[in-house]
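Heads up, the thing below is written out as structure tokens.
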Amino acid sequence: MSHPTYAQLVDLPAYVEQRVPMPFEDINGHLNVRHYTGLASEGFKESLVSLGIPLMWPTQGHACFSAEQHNTYLHELRTGSDMSARVRLLGRSERAIHALVYLLDHTHEQVSFVMEEISLHIDMESRRTAPWPSDVAAAIDERVTEHAGLGFDADTRGCLKLR
């Protein structure tokens, strides 16, 4: 399965929009590996705000914990390049969500990185998985349905699945 193109993704809502800063550079002159994952994770969390999951959700007794990730590096992001994240939700189970997060390089108009993720809803009092609150579950389901109609395939590698 091939990855979607820059043109297919660019109209999705943008998160963590920024220019790749010099402190994120590694010795090879591009974004250090840890920052690809960090930026994708931040973009994913920002995308959840519109679903009723605020950035400070733990103060309300809930959290999302990453359970699994699969990362694919397609093109290097160079220092000074303009970039952002785009998110596609694939599915939801009673306690988990499956998503793809894309880092786009706007300077070169290409998809740079793809992070496939399974995240879990956590009750912060027990620090165990818990069913999604009903309003959040409904919002996730609506977004999953919307994203299923994007007109291009979800480029999963088949190694992550909702349980």
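The values are calculated or read from the model by the stated rules, or taken from the named source; none is laboratory data. Model, not experiment: these values are computed from the prediction. Positions of Cβ are generated from backbone atoms using ideal geometry, with glycine treated the same way; all protein chains shown enter the neighbour counts.
Miscellaneous remarks
- Some residue of the stretch 129-140 being under 18 Å from the mean Cα position of the chain (by Cα), at pLDDT 95 or above, among the small types (Gly, Ala, Ser) and crowded, with 17+ Cβ neighbours inside 10 Å: yes
- Residue check for Gln8: more than 24 Å from Gly80 (Cβ to Cβ) and not charged (D, E, K, R): yes
- The lone exception for Ser93 - which of (1) of a type in the set (S, T, N, Q); (2) touching a Phe, Trp or Tyr at 6+ places or on another chain (Cβ under 8 Å); (3) at pLDDT 95 or above it fails: (2)
- Being among the hydroxyl-bearing types (Ser, Thr, Tyr) and over 18 Å from Arg143 (Cα atoms) is true of Tyr36.
This table checks each residue for (1) within 24 Å of Thr5 (Cβ to Cβ); (2) among the small types (Gly, Ala, Ser).
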position: Pro23; (1), (2): no, no
position: Gly38; (1), (2): no, yes
position: Lys45; (1), (2): no, no
position: Trp57; (1), (2): no, no
position: Phe65; (1), (2): no, no
position: Met83; (1), (2): yes, no
position: Val87; (1), (2): yes, no
position: Leu100; (1), (2): yes, no
position: Asp105; (1), (2): yes, no
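- Within the stretch 119-131, residues that are touching a residue at least 24 places away in the same chain (Cβ under 8 Å) and part of a loop (DSSP other than H, G, I, E, B) have Cβ atoms under 9 Å from residues that are of a type in the set (Val, Ile, Thr) and loosely packed, with under 14 Cβ neighbours inside 10 Å in these pairs: Met124/Thr59, counting only partners at least 6 apart in sequence or on another chain.
- Test for Val114: is it within 19 Å of Asp11 (Cα to Cα), touching a Gly at 6+ places or on another chain (Cβ under 7 Å) and buried (at least 16 other Cβ atoms within 10 Å of the Cβ): no
- Test result for Gly29, surrounded by fewer than 17 Cβ atoms within 10 Å (Cβ to Cβ) and under 15 Å from the mean Cα position of the chain (by Cα): no
- Condition met for Ser47 (in contact with a strand residue (DSSP E or B) (Cβ under 8 Å, 6 or more places away or on another chain), surrounded by fewer than 16 Cβ atoms within 10 Å (Cβ to Cβ) and modelled with pLDDT of 95 or more): no
- Identity of the residue in the stretch 11-26, among the aliphatic types (A, V, I, L, M) and surrounded by 12 or more Cβ atoms within 10 Å (Cβ to Cβ), that ends up nearest to Arg143 (Cα to Cα): Leu12
- Candidates Gln69, Gln60 - the one that is surrounded by fewer than 15 Cβ atoms within 10 Å (Cβ to Cβ) and out of contact with any Pro (no Cβ under 6 Å at 6 or more places or on another chain): Gln60
- In the stretch 63-104, residue farthest from the chain's Cα centre (by Cα) [restricted to those that are of a type in the set (Lys, Arg) and closer than 26 Å to Asp123 by Cβ]: Arg95
- Failed item, numbered, when Ala7 is tested on (1) farther than 23 Å from Arg157 by Cβ; (2) over 14 Å from the mean Cα position of the chain (by Cα); (3) modelled with pLDDT of 95 or more: (1)
- Entirely in the stretch 1-96, the strands (runs of 3 or more DSSP E) that have 2 or more residues that are in contact (Cβ under 8 Å) with a residue 60 or more places away in the chain and of a type in the set (A, V, I, L, M, F, W, C): 82-92
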